[in-house]
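The values are calculated or read from the model by the stated rules, or taken from the named source; none is laboratory data. Keep in mind it's a predicted model, so treat the numbers as computed, not measured. When we count neighbours, we look across all protein chains shown, and the Cβ atoms used for this are built from the backbone with ideal geometry, even at glycine.
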Amino acid sequence: MTKKTENRAVFNSKFAAIATTVGSAVGLGNIWRFPYEAGTHGGGAFLICYFAFVLLLGVPVLCAEYSMGRATRSNIFGAYRQLAPGQKWQFSGYLGIIASLLILSFYSVVAGWTVEYCISSATGSLDFSNPEGEHSQFMALTTGWRPVMWTVIFLFCNTFILLGGVSKGIERASNILMPLLFLLLIAFCINSLTLPGRNEGLSFLFHPDFSQINSKVLLSALGQSFFSLSLGLGCMMTYASYFSADTRLGKTAITTALLDSGVAVLAGIIIFPAVFSFGLSPESGPTLVFEVLPFIFMQLPGGAIWSTLFFLLLFLASITSTVSMSEISITYFTEEKKMSRRKATLVSSAIAMAGGLLCAFSFGPLKELTICGMTFFNLFDYVSSNIALPIGGMICSVFVGWVMDKRLLQAQFTNEGRQRFPFFRLLVFFLKWICPTAIFLLFLDSIGILSLLL
Ligand code: PFF
């Protein structure tokens, strides 16, 4: 059943497999989204749920996506179709494509803010001397036409990379620059641990108040764990279709999950001590990180240089993630709709551009336009992360657990019997029972049905 397509690239080293999947996983989700989600959902209570979901649900679903991708060497539609011919599973691919385009839309706006901050830091116009003005400075930088312009420029960069075949260059650059981002995060962590609000910040993040755990916290933590691991929309499946036959799927999944959540925790250690030191509220929402970070840079010697470097690296981390999410719709258009790669890239980018503009205007002229109380920006984020990704992950888990041929699955984890994989039965048990049931119950809980039944 395994199809080897001649014209598909294969990553030639195990390091490349880890580097690219970590490149997709690590991005704004860890450094921007995790702190604000943790901040608005009780800190430690959120962290503990997030960790539990990464390990108990994220890692098994990641393994499932990897095995489908490598076994079929195909996009999400082709993967379902090859593994269950004549059945209708491939339709869940549409969910993945829609989710990826929604994410690309709001993600590009935030990536645009990183560009704005990077340039303002480099040109000295980010005002480090006036803490009181920080909030208004954020407003100044993120409302009006400039953020719209940066969103568009960011999407152009993304399109250029996808079109220009320079993704190899980006890959190589990110292999060096991502470890640099990691080192920079560690340095900022050490700095945050010297701040006066250290104890309060750390206790907010690491001392869970279990009474805060409710259905909203659970659903948000689930959404965050899937968003951060790029799960549930076929992104990791598509990347695994490029893995070599020697890549060890189980090990790669665990490494990706640990590195990814490690970066999120580092971001939390940087942000929360600063939040309490500078008298800010952890519940500021999506603007949190952009309001807090300048305070941190401000009190460092050479703050503008640190700030420029940091936002530059964050921009890079964002682009390795947006390239990966764009691949989902591009491989669909090229492999399923037989478009040229160029046309497929342009069509995907045009859709993302329309969505990106709606999200960028959510901070300006479309601020008052809300659906279910959410602006387009918040709506796209909520629908994709908290609904589409968990549902996509649940479908993938049911499929691999119940439908996919188990010998083929085992061959993927043992590399055709060349390696041992002692957790195979446990993995299948999780995919069959634990992941789908847990995700389903979390949904029932979040729409209030569970409390009616119990
Ligand atoms: N995991 C990325 C992040 O944390 O920034 C976001 C992401 C990338 C989500 C790719 C989904 C995806 F397909």
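Checked against (1) crowded, with 22+ Cβ neighbours inside 10 Å; (2) under 24 Å from THR414 (Cβ atoms), ALA84 meets all criteria but (1).
Of all residues in the stretch 266-319, exactly one satisfies the criterion of being assigned to a helix (DSSP H, G or I) and of a type in the set (D, E, K, R), namely GLU291.
Filtered by the rule that a residue be at pLDDT 70 or above, farther than 27 Å from SER24 by Cα and either in a loop (DSSP other than H, G, I, E, B) or in contact with a Gly (Cβ under 6 Å, 6 or more places away or on another chain) (or both), the stretch 128-175 gives THR143, GLY144. Counting just the residues of the stretch 404-454 that are farther than 18 Å from ASP246 by Cα and acidic (Asp, Glu), which one comes out surrounded by the fewest Cβ atoms within 10 Å (Cβ to Cβ)? Step by step, filter the stretch 404-454, then rank; the result is ASP405. Could you tell me whether any residue of the stretch 24-41 is outside any helix (DSSP H, G or I), away from the ligand (no atom under 15 Å from the Cβ) and more than 24 Å from THR322 (Cα to Cα)? Yes: the stretch 24-41 contains one or more residues that are outside any helix (DSSP H, G or I), away from the ligand (no atom under 15 Å from the Cβ) and more than 24 Å from THR322 (Cα to Cα). Within the stretch 242-265, the set of residues being of a type in the set (D, E, K, R) and within 15 Å of the ligand (Cβ to nearest atom) comprises just one member, ASP260. Please go through the stretch 205-216 and give me each residue that is in a helix (DSSP H, G or I) and surrounded by fewer than 20 Cβ atoms within 10 Å (Cβ to Cβ), ordered by number. Across the stretch 205-216, the qualifying residues are PHE206, PHE210, SER211, GLN212, SER215, LYS216. Cβ-Cβ distances below 9 Å connect the following pairs, each with a first residue in the stretch 220-236 that is over 12 Å from PHE51 (Cβ atoms), a second residue that is near the ligand (Cβ under 8 Å from one of its atoms) and of a type in the set (D, E, K, R), and a separation of six or more residues or different chains: PHE227/ARG33; LEU229/ASP260; SER230/ASP260. If you scan the stretch 109-126, which residues turn out to be in contact (Cβ under 8 Å) with a residue 40 or more places away in the chain and away from the ligand (no atom under 12 Å from the Cβ)? The answer is VAL109, GLY112, TRP113, VAL115, TYR117, CYS118, SER121, ALA122, GLY124, LEU126. Of all residues in the stretch 298-344 being of a type outside the set (A, V, I, L, M) and within 11 Å of the ligand (Cβ to nearest atom), which is farthest from CYS157 (Cα to Cα)? Ranking the qualifying residues of the stretch 298-344, first place goes to SER329.
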